[in-house]
1. Counting DSSP beta bridges with both partners in the range 1-86, what percentage is antiparallel, nearest 5?
2. Taking just the alpha-carbon atoms of the range 1-65, what radius of gyration and Dmax come out, in angstrom?
3. If you take the square roots of the eigenvalues of the alpha-carbon gyration tensor of the range 29-80 and sort them as a ≥ b ≥ c, do you get rounded (a/c under 1.5), prolate (a/b over b/c) or oblate?
4. Return the equivalent ellipsoid semi-axes of the range 91-172 as a descending list in whole Å, where each equals the square root of 5 times an eigenvalue of the C-alpha gyration tensor.
5. Rounded to two decimals, what ratio of Rg to Rh does the range 1-141 give with C-alpha atoms and a Kirkwood Rh?
6. For a quick check of your reading of the filter: which trypsin sites (Lys or Arg not before Pro) in the range 1-48 sit in a DSSP loop and have no more than 13 other Cβ atoms within 10 Å?
Amino acid sequence: MAVFKPENVEDFYEIGEVLGSGHFGQVRQVRERTSGNFWAGKFLKIRKVACSRLGLDRSSVEREVEILQAVQHPNIVALKDVFESRAEVVLILELVSGGELFDFIAEKETLLETEAIEFMKQILKGLKFIHCKNIAHFDLKPENIMLSDKVSKPPNIKLIDFGLAHLFHPGEEYKSTSGTPQYIAPEVINCQPLSTAADMCVLSFLRLSGLSPFQGDNDEETLGNVIAMKYEFNEHYFSLTSPMAKDFIQKLLMKNPEMTAEECLLHPWIKPI
Ligand SMILES: Cc1ccc2c(c1)c1c3c(c(C)cc1n2CCCN)C(=O)NC3=O
């Protein structure tokens with residue numbers, strides 16, 4: 001069993017504003033008392049008894065920590081420290097203060113394909129790195145693709161929130177029903193064995209349009225579209241998108257995406273010949 005620091009996190013960090021919250025607990029800005037540097041504290045409620053519905057299993061937190069410790073990369077959020085109290089584990093994470101990629105894109109008049117390619121390259125480099133370590137993110141959605149800061153040119157992308165991530169062991173068959181309907185891979189809905197390919201399924205479409213290709217009027221319709229792999233290139237969003245870009249998207253929006261992250265980085269849309 002992993003051992004986390006038993007000290008009180010507040011002896012080392014001033015706890016600041018809430019940055020986000022979810023089923024797991026809260027993410028808050030924290031300030032390191034010695035250096036004055038800012039970090040993100042992910043406060044995770046831990047189940048006190050196995051049958052409780054409240055909080056997370058400690059084992060799932062240990063898995064997230066183990067994965068974050070294994071994936072140190074410029075395009076992946078860094079883990080600095082882990083504290084544990086009786087009913088809470090606190091992950092001290094790199095603060096990514098540039099906001100979500102899609103808010104950045106939404107604020108721009110237009111998104112040039114050259115800019116989309118740069119974003120895609122960084123996301124693919126992060127995915128290639130974790131996939132080469134047999135790790136899948138399994139919750140790749142706009143909210144989990146953020147920018148380090150608001151000033152870097154080009155913006156530096158960080159993949160965050162490895163709470164659903166999984167480390168595959170040789171010969172292991174892994175199934176999960178977790179994820180977000182608009183961005184879930186078909187094999188998740190079909191309860192089929194999962195792999196790192198699940199991270200590739202809807203990736204490219206999101207970068208160019210900011211939309212889920214499967215968006216329905218409700219979650220049920222959306223999940224049905226995902227199962228049927230039913231999507232369209234809405235002309236309003238894709239009229240100026242190059243054929244090479246659409247080829248890239250089509251090669252990924254398949255039940256069994258044709259390309260791994262490594263192969264995507266070699267696609268002529270990403271790496272012109
Ligand atoms: C400035 C800011 C604002 C909101 C943040 C974060 C940072 C943030 C962060 C993280 C997570 C897991 C969630 C976060 N959230 C919650 C929303 C994420 N899309 C994280 O790991 N580092 C962050 O800075």
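Every number in this text was worked out from the coordinates using simple rules, so none of it is lab data. The shown structure was predicted, so the numbers you read here are calculated from the model rather than taken from an experiment. Methodologically, a virtual Cβ is constructed for each residue, glycine included, from the backbone with ideal geometry; neighbour enumeration extends over all protein chains shown.
1. 90
2. Considering the range 1-65 through its Cα atoms, Rg and Dmax are 13.2, 41 Å.
3. oblate
4. 26, 15, 10
5. Radius of gyration over Kirkwood radius for the range 1-141 works out to 1.00.
6. Sparse-neighbourhood loop trypsin sites (Lys or Arg not before Pro): ARG33, LYS48.
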